[in-house]
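The following block contains the structure, expressed as C-alpha cells.
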Amino acid sequence: MENFCKICGTKTSRHHHARMDCDYEVCSECEFIARSEADRISEAEEFGIYEMHQNAIEDQHYVDYFKRFIDRAILPFKTSEQKHALDFGSGPSPVLAEILKRDYGYTVDIYDYFYAPEKIYQGKRYDLITSTEVVEHLWNPLGAFRLFSTLMKEEAVLGVKTQFHPRNLTLFDDWHYIRDQSHVSFFTPKTMEVIAGKTGLRLVWTDEDSYSVFELRTQK
C-alpha cells in the first residue's frame, strides 16, 4: 500500500528501524518523517509516559529551559504590547504558562489533551501561542498548525519547540528523540517552511536545532 506525506502529500518511502521494530514514513520532498500508524501506542501507554515526567516550577533548570525559549523565540519577535497567550500542550505542570504570567505579565490560557482538555481557546484569538515539545506527539501536526493560524491575532507570534531530525537515516536510527514511543512526528526547518505555506503562516526564524517562530502571512 502506498503512503503519502501528511504534510505535503508526496509519496513516502518506508524505513524500518530494526532495533525498535517499527516503521517510519519518510518524505524526500518536505523532509517530514512520521511513525507508521500501525506502530501507534495506546492512549493509556502514551499517558503513562507523560506521567513519568517530573517537571515543576520549583526546578530552576526547567525554568531556565523555558526562559531560554522565551528569550530566543518570543521576545525578539513579539512587537505587540498586548499579552494574551495560549500555551498549547501545557503538560501535567504548566510551567511555561506560570513563567509567562509571573515574570512577563501575560494572561495565559492552557490546553492539553490529557491534563487540560477543555478547549478554552474556542472563539478566542491570541497575541502569543506557544507549543513546546508538543508537535512531535501529534499524529496530525498539520491540523494543529491550521488551528494555530485561526487563533492568532494579526500581530501574533507562534513559538514552537521540537527537536529537528538529522536528515540522515543512519543518524536518525541512533537519535535519542525517537526512543520516546510517544514521539511520532519529526520535522526539519524545511518541513516548517512547507507547513507555514499550507496554513496561512510565515516562518520568520528558526535556530536550525529546535526553535521555530511563525507569524500570520497577512502580517506586514
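Of the residues Phe172, Phe148, which is under 29 Å from Glu43 (Cα atoms), of a type in the set (A, V, I, L, M, F, W, C) and surrounded by fewer than 21 Cβ atoms within 10 Å (Cβ to Cβ)?
Just a single option satisfies the conditions, and that option is Phe172.
Is it the case that some residue within segment 116-125 is under 30 Å from His17 (Cα atoms), surrounded by fewer than 17 Cβ atoms within 10 Å (Cβ to Cβ), in contact with a Ser or Thr (Cβ under 9 Å, 6 or more places away or on another chain) and among the charged types (D, E, K, R)?
No: segment 116-125 contains no residue that is under 30 Å from His17 (Cα atoms), surrounded by fewer than 17 Cβ atoms within 10 Å (Cβ to Cβ), in contact with a Ser or Thr (Cβ under 9 Å, 6 or more places away or on another chain) and among the charged types (D, E, K, R).
Scan Ala34, Ala56 and give me the residue that is of a type in the set (Gly, Ala, Ser), closer than 25 Å to Asp87 by Cβ and surrounded by 17 or more Cβ atoms within 10 Å (Cβ to Cβ).
That would be Ala34, the only listed residue that is of a type in the set (Gly, Ala, Ser), closer than 25 Å to Asp87 by Cβ and surrounded by 17 or more Cβ atoms within 10 Å (Cβ to Cβ).
Is it the case that Tyr121 is in contact (Cβ under 8 Å) with a residue 24 or more places away in the chain, over 26 Å from Thr12 (Cβ atoms) and among the hydroxyl-bearing types (Ser, Thr, Tyr)?
yes
Still on this structure, please answer the following. Considering each of Thr150, Thr170 in turn, give the residue that is over 24 Å from Thr79 (Cα atoms), polar (S, T, N, Q) and part of a helix (DSSP H, G or I).
Within the list Thr150, Thr170, the selection yields Thr170.
Counting just the residues of segment 30-59 that are touching a residue at least 60 places away in the same chain (Cβ under 8 Å) and either touching a Cys at 6+ places or on another chain (Cβ under 9 Å) or of a type in the set (Ser, Thr, Tyr) (or both), which one comes out nearest to Leu169 (Cα to Cα)?
Among those residues, the one meeting the criterion is Ile33.
Out of Gly123, Gly143, report the one residue that is modelled with pLDDT of 95 or more, out of contact with any Lys or Arg (no Cβ under 8 Å at 6 or more places or on another chain) and not in a helix (DSSP H, G or I).
It is Gly123.
Of the residues Lys161, Lys190, only one is under 23 Å from Lys119 (Cα atoms), buried (at least 16 other Cβ atoms within 10 Å of the Cβ), among the charged types (D, E, K, R) and in contact (Cβ under 8 Å) with a residue 40 or more places away in the chain; which?
Exactly one residue qualifies, and that residue is Lys161.
Hey, another quick one. Picking from Thr206, Thr132, which residue would you name as being surrounded by 15 or more Cβ atoms within 10 Å (Cβ to Cβ), within 20 Å of Tyr50 (Cβ to Cβ), among the polar types (S, T, N, Q) and touching a strand residue (DSSP E or B) at 6+ places or on another chain (Cβ under 6 Å)?
Among Thr206, Thr132, only Thr132 is surrounded by 15 or more Cβ atoms within 10 Å (Cβ to Cβ), within 20 Å of Tyr50 (Cβ to Cβ), among the polar types (S, T, N, Q) and touching a strand residue (DSSP E or B) at 6+ places or on another chain (Cβ under 6 Å).
In this structure, does Lys101 turn out to be in a helix (DSSP H, G or I), more than 23 Å from Leu171 (Cα to Cα), modelled with pLDDT of 95 or more and touching a Ser or Thr at 6+ places or on another chain (Cβ under 8 Å)?
In short, yes.
Then there's this: Looking at Arg179, Arg167, Arg202, Arg217 in this structure, which one is touching a Lys or Arg at 6+ places or on another chain (Cβ under 8 Å) and at pLDDT 95 or above?
Arg202
Within segment 48-74, take every residue that is of a type in the set (Val, Ile, Thr) and part of a helix (DSSP H, G or I) and give me the one that is nearest to Ser212 (Cα to Cα).
This residue is Ile70.
The values are calculated or read from the model by the stated rules, or taken from the named source; none is laboratory data. In this text, all values refer to a predicted model and were calculated from it rather than measured experimentally. Here the Cβ is made from the backbone with ideal geometry for all residues, glycine too, and neighbour counts use every protein chain on show.
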